[in-house]
Amino acid sequence: MKCALIRALKTVCQTAVATIGAASVISEVDWMMVVSASALAGVLSLLTSVATGLPEVDDFDEVAEDPDEEDLDE
């Protein structure tokens, strides 16, 4: 869940930056749209993570157990 929340927060930030960057000057930024689009992107990110899983979590066991590493018990 922690990884999904971190990913969602990154998505919210990226969406906010992209939405703010769409305005030509800072005074033209529609802040309600920035908040709305960013919140929606965060919710969608969480739902996607729950539905499909996270590759960084699924691959963690494979990364933790390096097959090239010699077993010290042998």
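Would you check if residue 4 is assigned to a helix (DSSP H, G or I) and modelled with pLDDT of 95 or more?
no
Restricting to region 14-39, count the residues that are part of a helix (DSSP H, G or I), open to solvent by less than 70 Å² (accessible area, probe 1.4 Å) and of a type outside the set (S, T, N, Q).
Going through region 14-39 one residue at a time, the tally reaches 7.
What are the pairs with Cβ atoms under 8 angstrom where one residue, in region 1-21, is under 17 Å from residue 57 (Cα atoms) and the other, located anywhere, is of a type in the set (Phe, Trp, Tyr) and surrounded by 13 or more Cβ atoms within 10 Å (Cβ to Cβ)? Sequence gap at least six, or different chains.
none
Within region 22-48, which residues are at pLDDT 90 or above and among the small types (Gly, Ala, Ser)?
Correct list: 36, 37, 38, 39, 41, 42, 45.
If you check residue 11 against the conditions, is it among the hydroxyl-bearing types (Ser, Thr, Tyr), closer than 19 Å to residue 55 by Cβ and assigned to a helix (DSSP H, G or I)? If you could, list the steps in order and put the result at the bottom.
Values: among the hydroxyl-bearing types (Ser, Thr, Tyr): yes; closer than 19 Å to residue 55 by Cβ: yes; assigned to a helix (DSSP H, G or I): yes.
So residue 11 fits the description; yes.
The values are calculated or read from the model by the stated rules, or taken from the named source; none is laboratory data. Note that the coordinates shown come from a computational prediction; the quantities given were computed from them, not determined experimentally. Neighbour counts run over all protein chains shown; Cβ positions are idealised from the backbone, glycine included. Areas reflect the complete protein model, heavy atoms only, side chains present, ligands, DNA and RNA absent. Shrake-Rupley method; radii C 1.70, N 1.55, O 1.52, S 1.80 Å.
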